[in-house]
Amino acid sequence: MMRTVVATVLAGVLGATSAAARPGGVVGFGNDPVAGRPAGQNGAGLKQSGAGAGLATAASSLLIAGHFLRRLGFGPTPQELAVLQQQGPAPWLTQQFDPERLHQCIAQLDPRYAPGPGPQSVGYEYAYRWLTRMVYSPCQLQEKMALFWHEHFASSVNKTFVFIHFRDQESFFRAHALGPLRELLVGITKDNAMLGWLDNDGNDGNAETPPNENYARELMQLFALGPYELTERGDIVFIKDQAGTQVPKPAYSEDEVKALARQLTGWSATYPTHYDPNTGLYNPTEEVGPATFDLSAWDCRAKTLFGTTIAENCGNGADSTGETQVQQAINLLLAHPNAAPFFVTEFLKKFYKENLSSPEEKQFVYDLVQVFRNSGGNVAAVLWAAFTDPRFVSPSAVRTMYKTPLEQLTNMIRGLSGSTQGVDLHDIWGYETAYRIYEPPSVFSFYRPGRKNALVNTALVVGRDSAAADVASNPPGNDVSSFDAAGLIARNHIQTADQALDFLSQNLLAAPLTPAVRQLVKNYLGGGQVTAEQFRGAAFLIMASPDFQVN
Amino acid sequence: MKTMTRRQFLGRGALWACGAGVINQLLGGSFLSQAGADCLQDPGHLSPGSPILVTVNLFGGNDGVNTVIPLAAKEFAQYEALRPNLKLPRRRLLELDEGAGHLPRVALNPGMVDLARLFHTDRVVAILNGVSPPARVTSGLFDHEASQANLQTGLLSGSGFTAPPSGWVGRLNDRLAQGDETSIVGTDFGGGTLMVTGNSYRPLSLSSLASFQVRINLGDEEVLRDYYRQIQRLAGQFEGVAESNRRIRARMIDLADELRCRTDAYPQLVDTYPADGLGPVLLDIAKLIWGRLPIQTYAVGLGGFDTHANQNAGAEDQDSGYVLGEHDRLLAHVSQSLTAFYRDLQAHGVARDVVILVVSEFGRRANSNNDAGTDHGFAAPVFALGEKVKGGVYQPYPSLQDLWLDDYDTEHFSESGNVKQTTDFRRIYEHILVHHFRVPRPEIYGGGNLLPDERALGPQLVQDFL
């Protein structure tokens, strides 16, 4: 039933469907692939161009608005929801790609991001501050992409506990949220946190024992190419082995792992100089410089990667900064034909659908792979093309993905105009839902690509729903709870159960509640003026209901 | 020239490395069951004599060469030559007698004191050498995800699935559950959900018994809990992701009170469980076994074995004694936890039917690297433990003088290479299915589907350890 509603709404909003047939599928948006901005000088072109059959000028539905705000950001707030409903998502989307605005979001810090009394222990406060940015930043896509890169280039603080490294890494991701991809790959190779996590720190190419292969392997498998060769439609390529069985074709060989490991030797992370002997942790506020390169620890011999030889350079001509050596390696990886389908499928799996199996979905991959190739791997161009494509808002894509625990938490706080104060990110959310910022539990980040359902099992839902109750509660002795129930009731003139339910479904779901759920919560609320405590109870029931579990 | 890293200087070590570690979902919570909860819904009792399997998954690829060490003179000399910065001191190794078979003598890592003692006193620990999938046809040999997939599925196809995969124990669970959708015959305690997921059977997931209930510190808790349950029991209202969320919650609600109710009265007779890691999980499993819950397969796991650098940080061989390094301590934890678990089951008279199998997705390179760690490798030992296990050392130990080298290795480095296979991992699974679960052998391969991937499966069965 839900799908029919969505389909009807979308048909009305998008108007002509012919745009769907266009490669790249631009609907109502200009296309400036270089910066992702709309055609025209500064974004104003969008309104002037008259483009926007459907989306740019017509009122968008609640569903579309919620879809954009949940997928490209951390959930709707009442204010943004109203704006997107009224104007459609195009102006908001344009802003999310505006380089000047992105720069301002970095340069002008909201005082709410500043350190303050919080429940987090020393060091974990940086993760807590990032949560605060996710909740409050107007540059929602910037924050979502910074998180995307954190999950993509998965590294965890719980090995070295050098929190300042992860703060710096987070800043790097934010500054490169929309690319360029080359700078992301080069930068992450020299990143202090990553050097520690995947053991390229102090990796000596001229020792008696071979260099550590960890980073080189994961750089190819997880960060740049993926483990298997992919077609232009994102399908795994299969070949026959000696026994005639179909097996996935590896994207790289062990020889490449070893050669790449040798090319990336010579780097060392820079650590703080002071640590607290009581905690055994480095001082989390001491700033550190960039990683350093030691030419004498770099393996200067020739290496062959994917048939291309990086010439021996053992004379005086080698770059003593190490920059050239890293660039050479990254260039070869980006030149690999797998890079395009690998990144495109990563983007689509995170933002669009986890399973890309139907002909339409594979065509979407194909179309974006062309954008990737034609733009030289421009992340902004690919994302712009994806988000402005009618397929992005198809009924089979709206409210059909699993929410991650972090999306669930931020959706709650933003939807209820709440505060991150009082939210114990580390102990409650992170631990119980296995999703701590800065602490992905494995090289596959919080879940294996395309397997978000691993975030939901009988054990983990206990954590999610307990945490939802915590957010909804008013902890004793804490004047600042996660949201101000009494204030919401007063400001929105909520009196009856129906009014409370309308408010909660609008702002938590951006969709109607399933009637049977609505009826049960209405029974809970009963008659008479809804009290703050009842409002909290209703919020909990909705946040723990199946309706809220979908992105 | 190698510079000492900060970590080495501080002696803090870095065991986690690339961290293909499992989420260590052990809350150690202390939430008591509801006072007065009744054991209302009975999921049934396990009939006496029903076989139980506990798989212990060491995530990251455990270094077999520093776990089970060869003692023959030339082998040990080669061991020391391959690992100048990681070799264990000869005098600290825990020597094992040969047990069954006539094999080169081996010793255990110095951390495994409890298991070594159990090996000698009770003869219930089997060590199976040289275990891996076949080299030439297996996908993803050195890749964590692909190798964990192979380990858990019993297949060789890595992680390039074209259809939803199932675990080898999961396919056994399909048979044991016999189509009953309410069956909890397979339970995952963080040991790899796929291992116990069947083609139809979906495992129960728990992090601990104590924490298996939603905490509602809000308003009128009882009223809210009742509405919460009603919402999760709304069948036929949702689809897709929403419905799968609902069904998981409904199942959790149905079981939460019951599991605690059946295990609350468990008398703790053994106090040697470690306080964290595998300790609390195995204690919970002991309770479930004692409570005769109808669960026959459990999956547990422990992370931290992906020891690319400073693998054994902190190890010190002093005349006064040996200080365990990081990897030693991990193995000590496994050894202590499993021994406590075994003794606990014995004390409650339920050890007879339990077999514990300790596995990892791959071993590690025979040589150490310049970070005093080891990179991804190949064959490694598997442990089996249980009253029915015939204690001893089984399967040929792959010679360290005869490593699996490729051209790259010999061209660039003089000492490099992987430990060769002497045991196909599928044969171990088969042996457990046949001898513990009494599955007729013809139903395992070919027509049956318990181990459907028979590629490169040589004729040699595993020695009779069970």
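Each reported figure results from applying straightforward, stated rules to the coordinates on display, with no laboratory input. Here the structure is a predicted model, which is why all the values come from computation and not from measurement. Positions of Cβ are backbone-derived with ideal geometry, glycine not excepted, and every protein chain shown enters the neighbour counts.
Brief remarks on what is shown
- Translational diffusion of chain B, µm² s⁻¹ [Kirkwood Rh, Cα pairs; Stokes-Einstein; 25 °C; 0.890 mPa s]: 106 µm²/s
- Environment charge of B:Tyr298, counting only residues whose C-beta is closer than 10 Å and scoring Lys/Arg +1, Asp/Glu -1: -2
- Taking trypsin sites (Lys or Arg not before Pro) across region B:106-201, the ones in a DSSP loop with at most 16 further Cβ atoms lying within 10 angstrom of their Cβ are B:Arg123, B:Arg136.
- The relative contact order of chain B comes to 30 percent, based on Cα pairs under 8 Å that sit 6 or more residues apart.
- Qualifying lysines (Cα of each under 28 Å from Cα of B:Lys87; at least 8 residues distant if same chain): A:Lys159, A:Lys258, B:Lys2, B:Lys74, B:Lys420
- Globularity index of region A:433-551 is 1.21 (Cα radius of gyration / 2.2 N^0.38 Å, N = number of residues).
- For region A:447-461, 3J(HN,Hα) per residue [Karplus equation, 6.51 cos²θ - 1.76 cosθ + 1.60, θ = phi - 60°, Hz, x = Gly/Pro]: 7, 5, x, x, 10, 5, 5, 5, 7, 10, 8, 4, 6, 6, 5
- A convex hull fitted to the Cα coordinates of region A:340-454 yields 132 cubic angstrom per residue.
- Annotation: region B:188-227 has a Kirkwood hydrodynamic radius of 12.5 angstrom, from the mean reciprocal C-alpha pair distance.
- Qualifying GluC sites (Glu not before Pro) in region A:248-349, where qualification requires a DSSP coil assignment and no more than 15 other C-beta atoms within 10 Å, comprise A:Glu286, A:Glu287, A:Glu312.
- Seen from B:Phe189, the other residues with C-beta closer than 13 Å to its C-beta sum to a net charge of -1, counting Lys and Arg as +1 and Asp and Glu as -1.
- Computed as a quarter of the hull surface, the mean projected area of the alpha carbon convex hull for region A:325-384 stands at 4.2 nm².
- The fraction of all Cα pairs in region B:244-293 landing in successive 5 Å bins from 0 to the largest distance is 5, 18, 22, 19, 17, 11, 5, 2, given as whole percents.
- Helix B:73-82 axis, angle to chain B major axis (alpha carbon atoms, nearest 10°): 80 degrees
- Calculated diffusion of region A:171-280, Stokes-Einstein form, Kirkwood radius summed over Cα pairs, 25 °C and 0.890 mPa s, µm²/s: 150 µm²/s
- Percent of Cα pairs exceeding the 26 Å cut-off, where the set is region B:45-198: 46 percent
- Reported to the nearest whole Å, the Cα centre-to-centre distance from region A:474-551 to region B:265-285 is 41.
- For A:Tyr275, the amide hydrogen comes within under 5 Å of the amide hydrogens of A:Asn283, counting only partners 5 or more places away or on other chains and with H modelled in the peptide plane.
- Close amide H pairs (under 5 Å, H built 1.01 Å from N) link A:Asp299 with A:Gly205, A:Thr265, residues at least 5 positions away or on another chain.
- Overall form of region A:116-217 per C-alpha gyration tensor (a/c, 1.5; a/b vs b/c): oblate
- Checking every one of the GluC sites (Glu not before Pro) in region B:82-157 against DSSP loop status and a limit of 15 other Cβ atoms within 10 Å picks out B:Glu98.
- Here the ratio of the Cα radius of gyration of the protein assembly as shown to 2.2 N^0.38 Å is 0.93.
- Ordered by the count of other Cβ atoms within 10 Å of each Cβ, fewest first, A:Glu125, B:Glu454 give B:Glu454, A:Glu125.
- Volume per residue that the Cα convex hull of region B:115-214 spans, once the total is divided by residue count, Å³: 171 Å³
- Electrostatic bookkeeping for B:Asp174 treats Lys and Arg as +1 and Asp and Glu as -1; over the other residues with beta carbon under 13 Å from its beta carbon, the sum is 0.
- Note that region B:362-368 has calculated 3J(HN,Hα) couplings of 6, x, 10, 4, 4, 8, 7 Hz, one per residue in order, obtained from phi through the Karplus relation 6.51 cos²θ - 1.76 cosθ + 1.60 (θ = phi - 60°); glycine and proline are x.
- Distance distribution note for region B:314-395: the fraction of Cα pairs above 16 angstrom is 67%.
- Region B:189-211 versus region A:136-203: alpha-carbon centroid distance in Å: 32 Å
- C-alpha long axis of helix B:326-347 to longest principal axis of chain B, angle in °: 50 degrees
- By the equivalent-ellipsoid construction on the alpha carbon gyration tensor, region B:270-423 comes out with semi-axes of 34, 20, 14 Å, ordered largest to smallest.
- Scattering curve values for region A:278-362, log₁₀ I(q)/I(0), Debye with Cα scatterers, q = 0.11, 0.25 Å⁻¹: -0.62, -1.20
- Distant-in-sequence amide contacts of A:Leu305, defined by a placed amide H-H separation under 5 Å and a gap of 5 or more residues or a different chain, comprise A:Ile310.
- Taking other C-beta atoms within 10 Å as the exposure proxy, B:Trp404, A:Trp149 rank B:Trp404, A:Trp149 from fewest upward.
- Only Cα sites of region B:184-342 enter the Debye sum here, all with the same form factor; the resulting log10 I(q)/I(0) across q = 0.11, 0.14, 0.18 1/Å is -0.61, -0.87, -1.17, listed in q order.
- Debye log10 I(q)/I(0) at q = 0.15, 0.18 Å⁻¹ for region B:250-343, Cα point scatterers: -0.72, -0.90
- When the convex hull of its Cα atoms is projected in every direction, mean area for region A:228-281 (nm²): 8.2 nm²
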